[in-house]
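Note sheet for the following structure.
The values are calculated or read from the model by the stated rules, or taken from the named source; none is laboratory data. No experiment lies behind these values; they were computed from the predicted model shown. We place every Cβ from the backbone using ideal geometry, glycine too, and count neighbours over all the protein chains shown. Quick note on the areas: whole protein, heavy atoms, side chains included, nothing else; ligands and nucleic acids left out. Shrake-Rupley method; radii C 1.70, N 1.55, O 1.52, S 1.80 Å.
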Amino acid sequence: MKLSYDKSLDQSLKNLNSQIVWKHERLELVHAKVISEIDRLPVKARRKKYFSIMSYGLAFSLMLLFSYNYLLHENFFMDESNTQTNLEKSAGAKQTKEQQMATNADYYEWKEIDGKRTLTFTEYGLKNSVIPLNAKEKIPSIISNPIVYADEIYGKGFVMQAFYHTVNHHFISIDNHFNEIGTANETVDYLLEAYGTEELQVANKRAVMSSTGIQIYIPTDTYIWYITGKTKEEIIALANLFNFED
């Protein structure tokens with residue numbers, strides 16, 4: 001069963017916010033991240049050939065967990081002491097832009113953000129990333145450059161999250177996770193069967209629109225990219241600005 005956005009979750013965030021002094025911007029980031037994570041749960045459950053039915057009580061528990069995680073600026077998948085400077089690369093093989101993002105530590109650096117050391121893109125990483133840097137020049141509702149956070153999954157490589165400010169204090173979020181389903185084409189077919197409503201062609205890639213109409217999945221051989229926003233038009237426009245070419 002697909003968990004979709006419910007207004008009652010907003011009240012839970014308000015209750016949490018009344019107990020913790022947060023900047024409005026941080027609260028919105030947490031809200032966008034939690035909804036994005038909840039929206040992906042059916043895919044993971046479907047891969048195990050069954051669907052988990054989650055109560056809103058559990059959904060709120062997840063919200064508290066992610067909120068607490070962001071408050072402490074900790075990452076679930078990262079242990080700084082175990083962060084590798086580089087993962088092994090295939091000898092003599094030309095890497096795609098995504099493979100470079102996954103394995104090249106030159107893309108990432110530790111910076112102090114809100115008083116905490118946080119892994120994010122280097123200037124080189126930003127310039128050579130798949131995600132669009134010029135979105136605010138192309139999409140009227142986007143009013144900021146992307147805010148980027150990164151994690152290292154030990155022994156596998158780097159994943160990232162990016163947030164774009166939009167009008168009315170909303171966000172469009174981008175996440176990528178390693179594709180453990182199959183090839184890009186196999187994953188598109190799988191997602192369409194699992195809960196996609198239609199297949200799209202964005203940035204010269206096959207993609208899937210979720211049943212909610214506010215999330216797009218772009219599978220490649222390396223990652224599955226998730227784009228979540230307020231409107232279908234916004235996220236399609238952003239998806240078309242991705243640069244997967246070397």
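Points to keep in mind about this one:
- Heavy-atom accessible surface of segment 185-225: percent carbon and sulfur, 1.4 Å: 40 percent
- Accessible-area rank, largest first, for 180, 199, 112, 234: 112, 180, 199, 234, with all protein chains present and a 1.4 angstrom probe.
- Label separation (residue 134 vs residue 183): 3.3 nm, computed from points 7 Å beyond Cα along the C-beta direction.
- Taken per residue, the accessible surface of segment 91-246 reaches 44 Å², heavy atoms only and a 1.4 Å probe.
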